[in-house]
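Structure first, commentary second.
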Amino acid sequence: MVREWDPRTASSAEITSLLDTLNAVLATDLPQDPPWRESSLREYLSEVMPGERRISWLAQAEPGEDGGPAAVLGHVQVLLLGGIGVLEVLVHPSVRRTGLGRTLVRLAGRRVWDEGFQSIGVEVVGGTPAVAFYDSLGFAREYVETRSVLDLTAVDWPALAEMATGVAAGYHVEFHPGGPPEELLEAYARAKAEVRDVDDGELRPSSYDPQRLRESLDTLHRRGMKPYIVLALHEHSGEVAGLTEVVVPAQHPTRADQYDTIVVQDHRGYGLDRAIKARMLLELRSAEPELAEVQTWNAQANEAMLKVNAELGYRPDREWCEYSVDVAELVHRLDAGAAGRDGGRSQ
Ligand SMILES: CC(C)(COP(=O)(O)OP(=O)(O)OC[C@H]1O[C@@H](n2cnc3c(N)ncnc32)[C@H](O)[C@@H]1OP(=O)(O)O)[C@@H](O)C(=O)NCCC(=O)NCCS
């Protein structure tokens, strides 16, 4: 049974069963990734930025004879933002290759079409069945990044402490748990705006104006994701010359996510990139004692960033790709396929 589903009002049993399915998927497809926890999972699934909408569907087994809750077999959600619908699909490993993934994408695709959007994007993890799945549905690969993981037990902490102090005169480095302070928000947004489009893929938009940045930080907090920021300030101008952002999600607090790292063009060549990232790791070590790993995503062409990450101890893990498809083509393909499979009875 597949039905539209709202995580805000869902029963706790459904949230728990979805978590079990997600962890079964991770254990099968990404066995090195830590399993997720239930903390703030409902909020993670429901909270969005102002102006965005997330629509979800749930596939469940028939209810058990004992009247117990029906297990979640699959989940699809689509986040409508800007001009694109961002898709996420999960199918429990025990029911794969039965057509459920295709059914879920068809439902979401039709809704995205009805809502007037033309394009659907999805993140696809290299080396998993998702690659063949999205290929079979006509999605095209737009952008490839490498995910790298840093194991904090393997870090050379004295060397890192040295790197953290390697900043040229005229700059100072600050740590801000929770996000940049209000008085630095404008300078922070300016630094982010300067490098827009350089390193970002389509599906992880950054916030370039102060209000959008505030909203984005609020949304992160509501979703149970704790941001940490290290800034390099240019003392003479008061400008933010560099910044690095790490988020520790309540859902997997042993593995943090590195978000943007930016050194503004005029301030490159002064060791800021290395110093701010090293300082971040030193701070996280005491702020988040449970933290064991940090993961980061980089464009394969971004050699400077990859070099610094390698020095810090990051090891390349997997390809992480953005795929996209024209919604009309997707709906047409899936409707035609469904009609073919059931002799035309499908609506
Ligand atoms: C990708 C995924 C949704 C596919 O779900 P599914 O229900 O098995 O897919 P379907 O049965 O609808 O398959 C549709 C088509 O996709 C292709 N396909 C799917 N899995 C495939 C595989 N392992 N190998 C080759 N082709 C595959 C086939 O063409 C298939 O059609 P066919 O079975 O008639 O040949 C599922 O594997 C999944 O949940 N993966 C995890 C996705 C994810 O986002 N993970 C993120 C954290 S790891």
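Quick check: anything in the stretch 200-210 of a type in the set (Phe, Trp, Tyr) and at pLDDT 95 or above? No, because not a single residue in the stretch 200-210 is of a type in the set (Phe, Trp, Tyr) and at pLDDT 95 or above.
Taking residues in the stretch 259-272 that are under 17 Å from Leu306 (Cβ atoms), and partners anywhere that are assigned to a helix (DSSP H, G or I), the pairs with Cβ atoms closer than 6 Å and at least 6 places apart or on different chains are Ile262/Ala191; Val263/Leu272; Val263/Asp273. Can you tell me which residue within the stretch 325-341, out of those that are out of contact with any helix residue (DSSP H, G or I) (no Cβ under 8 Å at 6 or more places or on another chain), of a type in the set (D, E, K, R) and assigned to a helix (DSSP H, G or I), is farthest from Arg102 (Cα to Cα)? Looking at the filtered set, the residue picked out is Glu329.
Would you check if Thr153 is at pLDDT 95 or above, in a helix (DSSP H, G or I) and loosely packed, with under 14 Cβ neighbours inside 10 Å? Yes. The one condition from (1) within 9 Å of the ligand (Cβ to nearest atom); (2) farther than 27 Å from Ala256 by Cβ; (3) touching a residue at least 60 places away in the same chain (Cβ under 8 Å); (4) not charged (D, E, K, R) that Thr98 does not meet is (3).
Once the stretch 292-347 is narrowed to residues that are surrounded by fewer than 16 Cβ atoms within 10 Å (Cβ to Cβ), basic (Lys, Arg) and under 28 Å from Phe117 (Cα atoms), the residue that is nearest to the chain's Cα centre (by Cα) is Arg341.
Within the stretch 68-95, restricting attention to residues that are within 9 Å of the ligand (Cβ to nearest atom) and surrounded by fewer than 20 Cβ atoms within 10 Å (Cβ to Cβ), the residue that is nearest to Ala24 (Cα to Cα) is Pro93. The one condition from (1) farther than 26 Å from Leu282 by Cα; (2) modelled with pLDDT of 95 or more; (3) outside any loop (DSSP other than H, G, I, E, B); (4) of a type outside the set (A, V, I, L, M) that Asp218 does not meet is (1). Being under 23 Å from Met225 (Cβ atoms), part of a loop (DSSP other than H, G, I, E, B) and modelled with pLDDT of 95 or more: is that true of Pro253 here? Yes.
When Leu58, Leu79 are checked against the criterion of being at pLDDT 95 or above and under 22 Å from Trp320 (Cβ atoms), a single residue qualifies: Leu79. Within the stretch 119-149, if we keep just the residues that are of a type in the set (S, T, N, Q) and not in a loop (DSSP other than H, G, I, E, B), the residue that is nearest to the ligand (Cβ to nearest atom) turns out to be Ser136. Scanning the stretch 42-55 for residues that are in contact with a Ser or Thr (Cβ under 7 Å, 6 or more places away or on another chain) and modelled with pLDDT under 95 turns up just one, Met49.
Taken over the stretch 32-67, the criterion of being without any contact (Cβ under 8 Å) to a residue 12 or more places away in the chain and either open to solvent by 80 Å² or more (accessible area, probe 1.4 Å) or under 23 Å from Asp114 (Cα atoms) (or both) is satisfied by Pro63, Glu65, Asp66. If the condition is being more than 17 Å from the chain's Cα centre (by Cα), part of a helix (DSSP H, G or I) and either within 10 Å of the ligand (Cβ to nearest atom) or not aliphatic (A, V, I, L, M) (or both), then the stretch 13-38 contributes Glu14, Thr16, Ser17, Asp20, Thr21, Ala24, Ala27, Thr28.
Can you confirm whether Ala161 is at negative phi, assigned to a loop (DSSP other than H, G, I, E, B) and touching a residue at least 60 places away in the same chain (Cβ under 8 Å)? No; evaluated as a whole, the condition is false for this residue.
Taking the criterion of being open to solvent by 30 Å² or more (accessible area, probe 1.4 Å) and under 12 Å from Val246 (Cα atoms), no residue of the stretch 261-278 qualifies. Screening the candidates Lys307, Lys277 for the property of being out of contact with any Asp or Glu (no Cβ under 8 Å at 6 or more places or on another chain) and farther than 30 Å from Arg37 by Cα yields one hit, Lys307.
The values are calculated or read from the model by the stated rules, or taken from the named source; none is laboratory data. Computed from a predicted model, the values in this text were never measured in an experiment. With ideal geometry, Cβ positions are generated from the backbone for all residues, glycine too; neighbour counts draw on all protein chains shown. Calculation scope for accessible area: heavy atoms of the full protein, side chains included, ligands and nucleic acids excluded. Shrake-Rupley method; radii C 1.70, N 1.55, O 1.52, S 1.80 Å.
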